[in-house]
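Data first, discussion second: the structure below is written as structure tokens.
FYI, it's all coordinate maths here, none of it is from the lab. Remember, it's a predicted structure, so these values are computed and weren't measured experimentally. Cβ sites come from the backbone with ideal geometry, for glycine too, and all protein chains shown count toward neighbours.
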């Protein structure tokens with residue numbers, strides 16, 4: 001691994017050079033959507049200018065589209081550590097989850113149960129609850145400890161039984177930042193033959209994913225959360241995908257993957273834009289992670305994420321050390337610097353006697369971009385008693401700097 005260079009990394013993101021009335025923008029809104037890397041923008045322009053055509057034709061631009069679909073799915077497979085025919089693109093993660101829930105719930109019967117969690121974004125709760133209600137199936141919840149901000153893994157033995165048909169959980173929380181032991185949860189589901197779905201939307205920007213190691217049936221991500229376009233990309237285990245018959249598709253659409261479970265004509269520009277995300281992380285692996293230029297895309301991406309993790313961990317420790325000196329700020333999540341590796345750099349917090357929206361407006365006045373609300377993490381917010389009030393949320397990415405963390409802390413300090 002080589003030295004980290006903020007200027008080199010930031011130059012890869014065109015938006016980071018923008019200023020407003022002489023004031024630079026400080027993007028601390030990554031959990032809601034990261035800034036887009038230049039490689040994504042270039043690839044999307046290429047799709048819409050150089051070969052703007054539907055797939056399946058005999059002419060040059062259509063053949064280019066076909067070729068790029070193959071290349072993109074192969075690259076996404078390396079991103080997931082899977083095979084190309086286990087990759088599904090869609091409009092967004094929520095739409096894809098709703099799409100698959102229609103097929104997965106067909107065999108559920110009254111007396112069955114499903115297990116969702118108190119920590120997830122509602123896109124990995126709401127669709128399953130609706131499907132369960134339609135099928136007369138019980139919904140159970142895996143809780144988290146409001147003091148440690150970790151799942152209550154000790155309760156899995158009583159929550160999962162022979163009638164459990166689905167377990168859905170998240171890899172990292174978009175509210176608490178906790179990185180979860182999803183392999184343990186998935187293993188509990190596989191032991192009873194339950195379908196398993198992991199939401200990796202929040203983790204995908206911060207670590208290399210390994211669908212095979214996790215062992216789930218579905219792993220969902222959103223490229224706009226890892227430097228790319230608005231889209232959804234899923235790993236769907238081959239045997240599991242084959243068992244979802246009949247698929248929800250129009251009759252002329254091929255039965256082969258990736259078409260069988262892709263709901264309609266894809267956004268080719270979003271697919272190429274996602275390819276640009278993979279290129280960016282691979283470049284990061286070459287520049288900062290010590291990966292050889294000629295090594296596999298997977299190896300370069302793993303090295304890129306490893307280098308980013310070191311940088312983001314330092315930023316997280318800097319923030320946690322600074323916020324510990326601010327008694328008017330309460331962080332809802334892991335704050336012990338010794339446990340920083342158990343979280344992503346997503347921080348939700350409350351400021352004493354100041355409404356979250358007012359806090360966000362104070363930051364916005366300084367051209368610092370943060371979120372206020374509950375961020376669709378309805379169950380987590382209710383569990384912590386902040387559903388009505390909401391919280392403030394910072395989210396850092398590898399393009400953020402120590403100076404930006406200090407600037408955020410300075411604004412927070414001014415809210416005493």
task: Compute the length gained on full extension between residue 6 and residue 70: take 0.36 nm times their separation in residues and subtract their Cα-Cα distance, giving the result in nm to one decimal.
output: 19.7 nm
statement: Distance in nm between residue 18 and residue 366 label points, each 7 Å along Cα→Cβ, equals 2.1
message: Rg over Rh of segment 245-378, using C-alpha atoms and the Kirkwood radius, what does it come to?
response: 1.12
query: Could you list log10 I(q)/I(0) for segment 42-277 at q = 0.08, 0.14, 0.15 Å⁻¹, which the Debye formula gives when each Cα is one point scatterer?
result: -0.30, -0.87, -0.99
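Ratio of segment 256-305's C-alpha Rg to 2.2 N^0.38 Å, to two decimals? Write out the running numbers ahead of the final one.
Working: Rg = 14.1 Å, N = 50, 2.2 N^0.38 = 9.7 Å.
Dividing the Cα radius of gyration by 2.2 N^0.38 Å gives 1.45.
Could you tell me the calculated FRET efficiency between residue 91 and residue 133, based on Cβ-Cβ distance and R0 = 30 angstrom, to the nearest 0.05? Kindly include the intermediate steps, with their values, before the conclusion.
On the way: r = 24 Å, r/R0 = 0.79.
FRET efficiency, residue 91 to residue 133: 0.80.
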message: If you scale each eigenvalue of the Cα gyration tensor by 5 and take the root, what three semi-axes come out for segment 81-153, rounded to whole angstrom and sorted largest first?
response: 23, 20, 11
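Using only the Cα atoms of segment 26-150, construct the convex hull and provide its projected area averaged over every direction, in square nanometres to one decimal.
On the way: hull surface 48.1 nm².
Over all viewing directions, segment 26-150 projects a mean Cα-hull area of 12.0 nm².
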message: How much of the pair distance distribution for segment 22-80 lies past 19 Å, counting alpha-carbon pairs only, in percent?
response: 51
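Based on the Cα gyration tensor of segment 116-174, what are the three equivalent ellipsoid semi-axes, each the root of five times an eigenvalue, rounded to whole Å and given largest first?
Numbers: eigenvalues 82, 45, 12 Å².
So the three semi-axes of segment 116-174 are 20, 15, 8 Å.
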- request: Provide the descending list of Cα extents for segment 2-52 along its principal axes, expressed in whole angstroms.
  value: 37, 35, 23
- request: Could you tell me what percent of the DSSP beta bridges with both partners in the chain are antiparallel, to the nearest 5?
  value: 55
Relative counts (whole %) of C-alpha pair distances in the chain, using bins that are 10 Å wide: 5, 22, 31, 26, 14, 3, 0
- prompt: Distance in nm between label sites at residue 49 and residue 355, each 7 Å beyond Cα in the beta-carbon direction?
  reply: 4.6
- prompt: How much of the DSSP beta bridge set in segment 42-277 is antiparallel, as a percent to the nearest 5?
  reply: 40
message: Pairs of alpha-carbon atoms within less than 8 angstrom and 6+ residues apart define the contacts here; what relative contact order does segment 42-277 have, in percent?
response: 25
